[in-house]
Amino acid sequence: MILSSDERIKEYVEKGWWGAATIEEYFLQHVEQWPDKEAIVDPINRGALCGGLMQRLTYKELDHRVSRLADILLEHGIVKDDIVAIHLPNIVELVITYLAVLRVGAISSPFPVQYREFECSQQLKMLGAKAVITIERMNQREYAAMHVKIKEQVPSVQHVFVFGNDVPKGAIPIHTDGIDSEFTRLKAYRDTIEITADDIFTICWTSGTEGKPKGVPRSHNEWFISAYGTVDAAQLTGDDRILNTFPMVNMAGIGGMLIPWLLSGGKLVLHHPFDLPSFLQQVEQETITYTLIPPALLNMMLKNQAMLIGKDITPLRAVGTGSAPLTAWMIAGWKEKYGVDIINFFGSNEGAAFLSSPNDIPDPEMRAKYFPRFGVKGFNWDNRISERIESKIVDLETGEDITESLHPGELRIRGASLFSGYWNSEEMNQTSFDQDGYFCTGDLFEIAGDQNQYYRVVGRVKDVINRGGLKISPEELEGLLQGHPMVEDVAVVSYPDPIMGENVCVCIVPRESAEIKLEELVAFLREKQIASYKLPERLVLLDQLPRNPVGKILKNQLREMVKSERVN
């Protein structure tokens with residue numbers, strides 16, 4: 001299924017932005033070059049997570065299992081352009097499934113494992129999915145039985161495929177570790193179809209921090225552009241051991257881990273759910289060279305260095321992070337104490353991909369705050385993605401392009417990484433793109449730097465706090481407060497004020513046994529010499545911040561909690 005226009009494909013091919021090689025062709029190159037090289041490793045807690053023995057597969061073994069599953073799918077009528085929903089944790093079977101669905105030319109739509117009946121049935125209907133691939137159970141939740149029940153309510157779903165032995169009635173058991181086969185049926189079928197790099201590989205889902213989730217189709221070529229960002233910034237090669245800590249259902253897990261691994265040909269080690277002792281054990285045992293870690297955890301480990309005593313993390317060369325403000329002390333601290341380079345990422349399922357690497361922004365203070373202005377003429381950066389997108393900032397009141405610094409506006413992008421539009425959402429797509437074809441991200445950015453060479457994230461359009469006509473960026477305050485020694489995690493939201501319209505509330509998860517008062521936080525911020533109108537008027541202490549399945553803070557929930565004073 002190709003959703004990009006012929007004109008778009010022709011333009012990007014002629015520019016050299018898109019090529020002909022598919023995701024599978026990159027994988028098969030590794031199979032041929034390194035058949036006996038270890039390719040993928042299960043989480044060390046696989047048995048407790050979902051049952052079964054921890055698996056380690058070479059590229060040749062992985063290829064064989066992919067063909068076995070593809071053959072099973074073909075046997076049951078799953079063919080090119082069919083949509084297959086995938087509901088699996090980060091285990092070897094998830095990678096097998098992605099590649100097997102691709103091998104028959106079908107389209108994968110991954111669901112976060114936290115989704116239950118409501119979300120799954122809603123999205124299966126929106127997709128018109130023909131099949132579901134899942135597992136018997138995980139953490140005592142019976143996924144297979146749930147999807148068999150949902151199948152009765154969604155007419156398009158013909159099959160529920162289940163990895164495992166104890167499969168409920170109405171489901172099809174799948175095993176990929178059987179005897180050798182020539183896969184005659186699969187080979188004959190492949191001769192009848194054409195899979196191109198412009199075909200849709202996945203339909204992922206927006207994080208849903210606000211409102212109803214939206215399906216985001218992305219082609220092989222579109223995913224490659226996003227993945228180049230990671231490959232270039234982390235300088236990945238076939239010698240790297242990559243530890244994936246993020247669910248492989250969206251930009252971070254797919255664009256930041258799965259596709260970069262397939263492009264570079266190293267080893268992919270899986271982790272799920274995030275558990276610090278297991279993570280550190282994997283880093284040491286698998287001699288990990290690159291991984292992703294959320295900012296809050298990077299801060300916590302740096303503030304509690306006893307966590308790393310006795311752990312050999314010397315092979316760890318670089319760590320990617322993002323989705324929350326970073327601080328210079330954290331970036332500098334990891335480099336000085338452990339020799340680890342921190343890469344600051346900003347991305348979205350739709351295809352936005354900006355990142356600050358040590359090569360482009362060596363200074364920790366600058367890298368914590370700024371991103372290179374990828375896609376703007378006149379600047380050169382050490383990353384392929386910078387030349388394959390276009391970006392601009394637009395004033396939401398006037399509609400004019402912003403070219404001066406310190407003038408917040410909406411980030412808009414177009415180019416080779418960007419999706420073609422939301423799935424089956426013609427009306428939404430009419431408002432999601434401007435008249436020049438730029439995607440309206442909903443993210444507030446501003447231009448910065450002594451040569452206007454950087455972008456700075458101001459926040460989401462809907463998250464900016466309007467206090468008496470003065471605009472306040474929650475991300476700016478969050479970035480400052482992360483540096484407070486007693487703060488474990490932080491989010492800043494608005495609450496209604498009868499005089500000012502909106503005011504600032506700080507939601508804090510304190511470090512263990514710490515006692516924090518609003519006056520202390522205000523004094524801390526005053527020391528940073530920020531404008532007085534930005535100072536918070538309210539403090540809420542929480543045990544944890546509400547997050548969606550992929551880790552983003554649910555600020556709409558926080559605003560409602562603060563507004564109604566329903567806080568813990």
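Classify the stretch 465-564 as rounded, prolate or oblate, taking a ≥ b ≥ c as the square roots of the eigenvalues of its Cα gyration tensor: rounded when a/c is under 1.5, otherwise prolate if a/b is larger than b/c and oblate if not. Oblate.
The residues HIS30, HIS407, HIS87, HIS64, when put in order of fewest to most other Cβ atoms within 10 Å, stand as HIS407, HIS64, HIS30, HIS87.
For the chain, the longest principal axis of the alpha carbon atoms and the long axis of helix 518-527 meet at an angle near 80°. The angle between the Cα long axis of helix 276-285 and the longest principal axis of the Cα atoms of the chain comes to about 60 degrees, rounded to the nearest 10. Note on LYS552 and ASP191: the model spin-label points, each 7 Å out from Cα along the C-beta direction, lie 4.7 nm apart. Per-residue ellipticity at 222 nm computed for the chain from its helices equals -9000 deg cm²/dmol, with DSSP H segments shorter than 4 residues left out and the rest contributing -39,500 (n - 2.57).
Computed over the stretch 459-511, relative contact order equals 34 percent, with contacts defined as Cα pairs under 8 Å that lie 6+ residues apart. The spacing between the stretch 43-79 and the stretch 283-347, judged by their C-alpha centroids, is 31 Å.
Taking every lysine pair in the stretch 465-564 that is 8 or more places apart or spans two chains, those with Cα atoms closer than 22 Å amount to 12. Using 0.36 nm per residue and subtracting the Cα-Cα separation, the extra length available between ARG141 and GLU119 on full extension is 6.4 nm. In terms of other Cβ atoms within 10 Å, MET251, MET138 run from fewest to most in the order MET138, MET251.
Given a Förster radius of 30 Å and the C-beta distance between ASP395 and TYR533 as r, what FRET efficiency does 1/(1 + (r/R0)^6) yield to the nearest 0.05? Walk me through the numbers on the way to the answer.
On the way: r = 21 Å, r/R0 = 0.71.
Taking R0 as 30 Å, the efficiency between ASP395 and TYR533 is 0.90.
Using the Cβ atoms and a cut-off under 13 Å, what net charge is assigned to the surroundings of LYS311, where Lys and Arg are +1 and Asp and Glu are -1? Each step should come with its number before you reach the end.
Numbers: positive: LYS337; negative: GLU284, GLU286, ASP312.
Taking every other residue near LYS311 into account, the sum is -2.
For the stretch 115-236, what does the alpha-carbon gyration tensor say about shape, rounded, prolate or oblate, given a ≥ b ≥ c as the root eigenvalues, a/c under 1.5 as rounded, and a/b over b/c as prolate?
oblate
Student exercise: in the stretch 140-256, how many lysine pairs 8 or more apart or on different chains have Cα atoms under 28 Å apart?
Details: LYS149/LYS169; LYS149/LYS212; LYS149/LYS214; LYS151/LYS169; LYS151/LYS212; LYS151/LYS214.
Going through the stretch 140-256 pair by pair, I get 6.
One chain, two ends: LYS10 and LYS169. Fully extended at 0.36 nm per residue, the span grows by 52.4 nm beyond their Cα-Cα distance.
For the pair the stretch 502-528 and the stretch 430-488, the centres of their Cα atoms are 21 angstrom apart.
Cβ-Cβ distance of ALA514 and GLU152, R₀ of 56 Å, FRET efficiency by 1/(1 + (r/R0)^6): the value works out to about 0.65. Among the DSSP beta bridges whose two residues both lie in the chain, what percent are antiparallel, rounded to the nearest 5? Close to 55 percent.
What order do you get for SER264, SER5 when you list them from fewest to most C-beta neighbours inside 10 Å? All intermediate terms of the calculation are to be shown ahead of the outcome.
Numbers: SER264 23, SER5 10.
Ranking SER264, SER5 by Cβ neighbours within 10 Å, fewest first, gives SER5, SER264.
How much net charge surrounds ILE413 when only other residues with a Cβ under 9 Å from its Cβ are counted (Lys, Arg +1; Asp, Glu -1)?
Numbers: positive: LYS392, ARG412, ARG414; negative: GLU350, GLU390.
In short, +1.
For the chain, the longest principal axis of the alpha carbon atoms and the long axis of helix 23-33 meet at an angle near 70°. With contacts taken as Cα pairs under 8 Å and at least 6 residues apart, the chain reaches a relative contact order of 11 percent.
Stretching the chain fully between SER405 and LYS335 yields a gain of 22.2 nm (0.36 nm per residue, less the alpha carbon separation).
The distance separating the Cα centre of the stretch 386-401 from that of the stretch 149-184 comes to 47 Å. Straight-distance candidates among the lysines for linking to LYS377, with alpha-carbon spacing under 19 Å and chain neighbours fewer than 8 residues away dropped: LYS15, LYS392.
All of the numbers you see were taken from the coordinates with simple rules; none came from a lab. Note that the structure is predicted; figures quoted are calculated from it, not measured. Cβ coordinates were reconstructed from backbone atoms using ideal geometry, including for glycine residues, and neighbour counts include every protein chain displayed.
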